[in-house]
Amino acid sequence: MKILSYAAQNATAPLAPFKIDRRDLGAEDVQIQILYCGVCHSDLHTVRNEWQGTTYPCVPGHEIIGRVTKVGANVKKFKENDIVGVGCLVDSCHSCENCKDDLEQFCTKGPIFTYNSPDKHTGGLTYGGYSNSIVVDEAFVLHIPNNLDLAATAPLLCAGITTYSPLRHNKVTEGQKVGIVGLGGLGHMGVKLAKAFGAHVVVFTTSPNKVKDALRLGADEVVNSKNAGEMKKHLNSFHFILDTVAVQHDINAYLVLLKRDGTLTQVGVPPEPLSVHVGSLIFGRRNFSGSLIGGIKETQEMLDFCGQHNITSDIELIPIQKINEAYDRLVKSDVKYRFVIDMATLKEVV
Ligand code: NAP
Ligand code: ZN
């Protein structure tokens with residue numbers, strides 16, 4: 001089936017309309033009309049080949065909310081007209097140790113991401129959510145709670161799970177002091193979720209104009225990370241810090257804010273290596289770790305949690321025609337706090 005998408009043809013070209021093929025519906029597959037797709041900084045890193053692994057044409061988008069239009073003969077969990085989600089994963093081997101532990105993102109045969117991954121069905125590449133429809137194995141399709149605004153729910157599929165998973169894995173709980181570095185798409189979800197887990201939340205921002213919003217979103221304190229004096233006040237005090245920054249920055253400035261045995265988990269993926277002073281780790285036996293999205297089971301758990309606690313993203317809804325402008329604003333940290341594309345604006349224009 002030929003459908004319309006927005007694609008980049010190379011690392012410097014703007015995204016533009018492009019026709020792609022979706023596979024025919026298989027017995028285990030769900031066909032989804034895409035209603036909304038969030039805009040993740042990973043889309044931008046990939047489109048501009050900042051991680052140097054992009055194959056073109058590239059159709060990004062892994063925060064997908066849509067309506068089921070057809071189901072395959074063996075599909076059990078979904079039916080026509082259901083509202084569903086698709087996140088960063090569309091396939092995995094199902095049989096390795098990590099898949100069996102519901103951690104498909106670490107599939108040892110290689111997880112199949114929603115875009116820029118080898119597609120075993122077509123022999124080509126996977127194409128993401130900046131498009132009118134998608135066909136996905138039902139094992140990678142999520143149920144969406146029916147009380148949440150659909151456009152504002154889209155970012156939960158990546159920004160939500162990417163912050164939920166490390167907060168849970170590190171057992172963030174009531175009364176702990178938790179830092180969130182960077183108030184963008186991931187960061188603002190991290191604030192809402194850490195707050196819902198009962199933590200005392202401190203936001204580190206480079207944007208003084210975001211202080212009011214950080215407090216509104218649930219932060220108990222906000223630190224201007226460019227102000228050494230403000231940073232110093234928090235030395236040796238955090239149980240856990242989640243770093244969502246997408247560019248090179250001094251990680252040691254945050255490591256030294258951890259208490260003894262505290263953990264800083266990196267989820268932001270700057271293209272260049274970060275340099276860690278061993279001294280920031282050995283004094284206080286501190287931990288530095290990373291986390292990658294979350295498995296399908298945990299993603300469903302996160303969506304259900306957000307349904308129960310009425311948690312969605314703060315979004316700016318844009319027509320697909322504004323996507324290149326949105327990317328330029330992302331680079332400038334000018335996002336409040338996730339762009340979501342209204343996919344009804346993607347019409348036959350070519
Ligand atoms: P985003 O919306 O652009 O947010 C990033 C935030 O980082 C900015 O809003 C800004 O917040 C802060 N920042 C920017 N420049 C900075 C600098 N020079 N120093 C310190 N902070 C700076 O991006 P996102 O969509 O949240 O994604 C963030 C990163 O996570 C990206 O690298 C993305 O690829 C990665 N990611 C990882 C996973 C995973 O599974 N690990 C999943 C999704 C995304 P302030 O204005 O508050 O400073
Ligand atoms: Zn993402």
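The values are calculated or read from the model by the stated rules, or taken from the named source; none is laboratory data. In this text, all values refer to a predicted model and were calculated from it rather than measured experimentally. All Cβ positions, even for glycine, are placed from backbone atoms using ideal geometry, and neighbour counts span all protein chains on display. Calculation scope for accessible area: heavy atoms of the full protein, side chains included, ligands and nucleic acids excluded. Shrake-Rupley method; radii C 1.70, N 1.55, O 1.52, S 1.80 Å.
Figures for the structure shown
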item	result
For the chain, built as a Gaussian network whose Cα springs stay under 10 Å, the top-fluctuating residue of 98, 146, 116	146
Charged-residue dipole, Cβ positions (Lys, Arg, Asp, Glu), the stretch 276-350 about Cα centre, Debye nearest 20	380
Label point distance in nm, residue 108-residue 139, each placed 7 Å from Cα along Cα→Cβ	1.6
Whole-number percent relative contact order across the chain, with pairs defined as alpha carbons under 8 Å at least 6 apart	18
Residue-averaged 222 nm ellipticity for the chain, from DSSP H runs of 4+ at -39500 (n - 2.57), nearest 500	-6000 deg cm²/dmol
Percent carbon-and-sulfur accessible area, the stretch 1-55, ignoring ligands, DNA and RNA, probe 1.4 Å	48
Among beta bridges that DSSP assigns inside the chain, antiparallel share in %, nearest 5	55
Gaussian network model of the chain, springs between alpha carbon atoms under 10 Å - residue of 59, 203, 71 with greatest fluctuation	71
Gained length - residue 77 relative to residue 28, 0.36 nm times residue gap less alpha-carbon distance	16.6 nm
Per residue accessible area in Å² of the chain, where ligands, DNA and RNA are left out and the probe is 1.4 Å	43
Assigned charges on the beta-carbon of Lys, Arg, Asp, Glu; the chain dipole about Cα centre (debye)	680
Cα gyration tensor shape for the stretch 44-189, rounded if a/c is under 1.5, else prolate or oblate	rounded
Residue (of 141, 208, 292) at the positive-pole extreme of the chain, dipole from beta-carbon charges	208
Estimated distance in nm for a label pair at residue 10 and residue 269, the labels positioned 7 Å out from Cα along Cα-to-Cβ	2.4
Gyration tensor (alpha-carbon) shape descriptor, the stretch 51-124, a/c threshold 1.5	oblate
Too-long pairs where the Cα-Cα distance tops 30 Å, listed order kept, from 100/336; 120/297; 2/332; 79/120	100/336; 2/332
Point-charge dipole on Cβ atoms (K/R +1, D/E -1) for the stretch 159-290, about Cα centre, debye to 20	280
For residue 89, distant residues with modelled amide H under 5 Å away	114
